[in-house]
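J.: There's a structure below that I have some questions on.
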Amino acid sequence: MTGKRLTIIVCTLALMLVSCSVSYKFNGASIDYSKTKTIQIADFPIRSSYVWGPMASIFNNQLKDQFANHTRLIQVKRNGDMKIEGEITHYTQRNKAVTAEGHSAQTELSMTVNVRFTNNANHNEDFEKQFTATSTYETTQSLNSVQEELVTQMVKDITDQIFNATVANW
């Protein structure tokens, strides 16, 4: 009986592992608040040749909100314990999928941001790197009709990436 019971337990555990999935979303920060109290977040200008006007303000507001909502850091105009600055370097679209007739079926919108991060409490964490996000839309829709939603999604993705790279030690 013990062998049968063990087999049932093993099968049940295997079934549970296959049928269950767990998703973790990390949105907290790993900050030593005794050493780091302030953050300076500069406005990111657009340096891309293709531009959508509201993109910079959507990005800048979301980045500042990300740190305000998920850390206890005080945002300052200068001399922050941490400093984030950079620019929006690319905003492009390209055909992603084609129909059997050779027409574009989907277009991919892409946004890239260059970030310079300085941690005055620990300069080993300083970096400069690029973060990119993409969104796809059907070409039956005009870019004007989907642009705000897609840019907002890409900005959220990029600001999450920046947050994780700077203070989440992810």
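J.: I'm checking my understanding of the structure. Among residues of region 114-170 that are more than 21 Å from ILE46 (Cα to Cα) and in contact with a helix residue (DSSP H, G or I) (Cβ under 7 Å, 6 or more places away or on another chain), which one is most open to solvent (accessible area, probe 1.4 Å)?
T.: For region 114-170, the residue satisfying everything is TRP170.
J.: For region 59-82, give me each residue that is in contact with a Phe, Trp or Tyr (Cβ under 9 Å, 6 or more places away or on another chain) and open to solvent by less than 60 Å² (accessible area, probe 1.4 Å).
T.: Result: PHE59, ASN60, LEU63, GLN66, PHE67, THR71, LEU73, MET82.
J.: If you scan region 93-152, which residues turn out to be of a type in the set (Asp, Glu), modelled with pLDDT under 95 and out of contact with any strand residue (DSSP E or B) (no Cβ under 8 Å at 6 or more places or on another chain)?
T.: Matches in region 93-152: GLU101 only.
J.: Residue under question is ASN95, and the condition is that it be polar (S, T, N, Q) and within 27 Å of LYS64 (Cβ to Cβ); does it hold?
T.: Taking the combined requirement at face value, the residue does not satisfy it.
J.: Kindly list, by first and then second residue, each pair from a residue in region 65-91 that is in contact (Cβ under 8 Å) with a residue 40 or more places away in the chain to a residue that is surrounded by fewer than 13 Cβ atoms within 10 Å (Cβ to Cβ) and small (Gly, Ala, Ser), limited to pairs with Cβ atoms under 7 Å and residues at least 6 apart or on different chains.
T.: If the second residue must be surrounded by fewer than 13 Cβ atoms within 10 Å (Cβ to Cβ) and small (Gly, Ala, Ser), the pairs left are HIS70/GLY28.
J.: Next up: Which of (1) part of a strand (DSSP E or B); (2) under 24 Å from LEU73 (Cβ atoms) is the odd one out, the single condition ALA165 does not satisfy?
T.: (1)
J.: Take VAL51 and tell me if it is touching a residue at least 24 places away in the same chain (Cβ under 8 Å) and either over 25 Å from TYR33 (Cβ atoms) or of a type in the set (Lys, Arg) (or both).
T.: It is true that VAL51 is touching a residue at least 24 places away in the same chain (Cβ under 8 Å) and either over 25 Å from TYR33 (Cβ atoms) or of a type in the set (Lys, Arg) (or both).
J.: For region 89-113, which positions are open to solvent by 70 Å² or more (accessible area, probe 1.4 Å) and not small (Gly, Ala, Ser)?
T.: Matches in region 89-113: HIS90, GLN93, ARG94, ASN95, LYS96, VAL98, GLU101, HIS103.
J.: Now, a different point. Would you mind telling me which numbered condition in (1) more than 21 Å from ASP126 (Cα to Cα); (2) buried (at least 18 other Cβ atoms within 10 Å of the Cβ); (3) out of contact with any Phe, Trp or Tyr (no Cβ under 9 Å at 6 or more places or on another chain) ARG47 fails?
T.: (2)
The values are calculated or read from the model by the stated rules, or taken from the named source; none is laboratory data. These numbers were taken from a predicted model, which means no experiment stands behind them. Here Cβ is always computed from backbone atoms with ideal geometry, including for glycine, and neighbour counts include all displayed protein chains. Heavy atoms of the whole protein, side chains included, go into the accessibility calculation; ligands, DNA and RNA do not. Shrake-Rupley method; radii C 1.70, N 1.55, O 1.52, S 1.80 Å.
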